[in-house]
1. What's the average, rounded to a whole number, of partner chain beta-carbon atoms within 10 Å of each residue's beta-carbon in B:45-51?
2. Quick one: what does P(r) look like for the stretch B:212-317 with 5 Å bins over all Cα pairs, in whole %?
3. Arrange the following residues from fewest to most other Cβ atoms within 10 Å of their Cβ: B:450, A:259, A:170, B:24.
4. Cut-off under 29 Å on the C-alpha distance; same-chain residues fewer than 8 positions from residue B:410 excluded. Which lysines are left, in chain and number order?
5. Computed FRET efficiency, Cβ-Cβ of residue A:80 and residue A:149, R0 51 Å: what is it to the nearest 0.05?
6. Peptide B:488-495: average number of partner chain Cβ atoms within 10 Å per residue?
7. Starting with the fewest neighbours, write out B:554, A:262 ranked by other beta-carbon atoms found within 10 Å of each beta-carbon.
8. Given contacts defined as C-alpha pairs under 8 Å and at least six residues apart, what's the relative contact order of the stretch A:53-293, whole-number percent?
Amino acid sequence: MSTNADSTRTDPVVEPAVAQAADPERAAGTGRRNTVVTRFWAQRQSRLGVALTALVVLVAFLGPLLLPWATGYTQTEFADRPFQGSGVFGTDDLGRDVLSRFLAGGVSLLLYSVLATALGMFLGLLFGMVSAYVGGALDSVIMRANDVLLAIPQLVFALLAITVLGPQPWVLVTVIAITHAPRIARVARSAALGVINEDYIRAAEMYAMPRARILFREILPNITGPLAVEAGLRLTYSIGSIASLSFLGLGMQPPAADWGLMINENRIALAVQPWGVMLPVLAIAILTIGTNLIADAIARASATANIGDA
Amino acid sequence: MAHPHADTTVMSATGAPMVAGSIWHARRESGGNILEIEDLRIGSTAGREIIKGVSLSLRPAEILALVGESGSGKTTVGLTALGHLRRGLALTGGTVTLCPSNSTEPAEMTSLDDASLRRLRGARVSYIPQDPALSLNPSMRVGEQIREVLDIHRFGTSAEERAERVRSVLREVGLPDDDAYQSRWPHQLSGGQQQRIGIAMAFAMYPDVLVLDEPTTGLDVSTQALVLETIREMTVKNNAAGLYITHDLAVVAEIADRVAVMLSGELVEEGAAEEVLRAPRHTYTKTLIAAVPDLAGRNRISEFEARRRAAAGEEELSTGGFGIVEEGAEAETETGAEAGSAVAGTDSAGSVAAGPAAGASGTGSDSGGATTAAAGASATAEAATGAAEGDAPAEPVVQVRGLTLAYGRKTVLDGIDLDLRAGECTMLLGESGSGKTTLSRSLAGILDTWTGSVAYRGEELAPSTRRRTVDQRREIQYIFQSPFSSLNPRRTLGESISVPLEMSSGLSAAERRERVDTALDAVRLGRAFRDRRPGDLSGGERQRAAIARALVNMPTVLICDEITSALDVSVQASIIDLLSRLREERGLTMLFVTHNIALARHVSARVAVLNQGRIVDEGPTDAVLTSPTHAYTKELLANVPTL
């Protein structure tokens, strides 16, 4: 960080974004744009986070396209007997190629986590902002209902719902989204409470702007900072939850290739043929670390530039 | 470590512990300075120069006012007297020397280590901050807070002595000294009392130098008068030297012996207060003084722009070019626009469109052009003021009858009757807590819990804007107090300004854009500001944008709620100049809400004085100011500081 700042101080034209974000005051002094984005990119950990996440995302999305060209097998073809060392990373419990299963098994996890997070964000935002904006009795009702939902452990709630409704993808996504929503609603509400007393909201009221438009055009853009942090954090949790559910046998069902499922199938031979477990574990670890770093970096970048200043 | 004045302590006449034969005594005997700032240079860590060679000196029992507008660096200079630099700043040259009364050596504030600085701060040099509500610890009783200062600096020899000092300093600042008062919490005191606690803390250790950072800015005029008197008295009595940082020249006239004027980190003028205020030498000082509203109305700030240019023109002739750096861009746009309106003649709305056209020629105008513009503009102002005052009372556009508003059992507004007449500006005067913002928001329909009646051209208005008709909403516009909060930071000015249009008319996007541009030109910002965001703009520019938003719908009634109270005096003057001009051009009916009685003759034909939810005095400006009928109005008039 300091080396970056030093080098750009002597030659500010080369990489203005870094110089700015390294020190907001200095950036303001020199009159260049100093936005959340520039401040985000200036952090070393944010770049690391993006790199790690990108790595796993690329593997997950390009992997299926590489089959069977990269390994000679599709995800369900048998390569050898169980737990052998043949191929790059050996075979799994049924003698299928681990690398092929790994390359094919990331898409579902990523897709469902992103969907669950997005749905959770939408629900949480809606309830949180309405609660803050309307206030009074409705606020109490929404927030107390929220507290009830928060009291139920996330995984227990998911287990219950999936046991009743069956392990289908839409159930998985909806259940994870619903368990996220109350947490997001709390964040959205408290952020919105800081904004609704600003005069520009009063001005919008005065001009009789429709209330939905006040929510989404006046309030929402001013609470993006805390929400982006929350989104990053929830994505991390979604990945963890969906992987755990698959591991428990309540997510993806065999013979589908899935990282969570792979860990479960191959854990009995961890000492003999560790790659069947290690590959998906590493991928999930790198992915969650990456998204977490990004969430942290957003938090730091948006801390100084939200409510009240541009 | 031995206590610095353990054995040689002598008591001065006032009871201050001092070291006999200290450097402070020596300097005082010889009439020398006890604080010397020499060629002070401070830069930001990025290398930008903030303070460019400032030299100041202070003698005992003298108050030096450091005057300048936001961003001029006056607080930065003031804080160096305490040996403090804000984060992101670095000393690049110069010295700050303090001669404390507890040592025989002068202290070099810029090179001392932290421990020595801590021993000096609060004891030999103390600080009175701007906002007492923020500087007092809310979870500590006020007596304890004063005592804490004494404990830290190990005042006297016993706990009794310290307790006695707390009582005596409370008496000195004019507060009760009993235990019941000392055990109050800060929130149980009024703003004036909180500030006096702050003063008591600063004076508790008998400091030699006092740095006062706009200590009366947040206070009402009567409280301000009291606090200023306390400060004056305390500095003289304790032989302390005061460095009074302020932007308010009227306060300077009340309190200071000498004045130093700062502009963009440089000292542009220094001298005896009377001399500087009466016969300023530097253009910037002249501009500042021209911007101060006076009660008598002689200093016509509604013609501020013309006078500023006249002053700048003079300077240009004599020195060959000097630009007012403060809000440079704004001034430039204005020069263009004003020159345009002068050319277009005095007849009204034409100048709105003339702005951009004249921009090119006006920006580079020589002094000749500027004076022509000045003459034209002042002629317009004269004519309009005459018309407004001379005519028989026009019919009321807005009629308020029996407006009452209560929060629970507390009545905020109690049966307000008020008429706003066509094309006339009415000033609503009141101190904080009088209900003036509540009243203006009730009229604008932002607050809807009031009872009573508000009629616009004979039609009853619904309490809330949402229930008013589109036309009613369009005709009555409200401008918020703080330009820092009234514009959405995430949206461009163009987007914000077009909101009223989107909500009230069927104009197409292109037509809306045209109206927004016209409004931006009318407030002398120029259409180039359409795509900028509030974060890039100064306070004055933001407030102009807020005015543009109110004007974009071509209203007939404009409610201005303390719109200049967050701004510097010269910006205030140019905003008032702008409003007066707009009122003439468009025949606006205005309600100008303020706490500053000195603005009365500059903006309004009528004055209504609001006190504790009631209108206690109402009538033509001259009548109210020369023969006030209510005791409250008299008190306000008596306390207003003047140049």
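1. Whole-number average of other-chain Cβ neighbours for B:45-51 is 4.
2. Here the calculated profile for the stretch B:212-317 is 2, 11, 19, 22, 20, 14, 7, 3, 2, 0.
3. Fewest-to-most ranking of B:450, A:259, A:170, B:24: A:170, B:450, B:24, A:259.
4. Filter leaves B:436, B:634.
5. E between residue A:80 and residue A:149, to the nearest 0.05, is 0.60.
6. So the per-residue partner count for this stretch is 5.
7. The order, fewest Cβ neighbours first, is B:554, A:262.
8. 25
All of the numbers you see were taken from the coordinates with simple rules; none came from a lab. Remember, predicted model here, so these are calculated numbers, not experimental data. Positions of Cβ are backbone-derived with ideal geometry, glycine not excepted, and every protein chain shown enters the neighbour counts.
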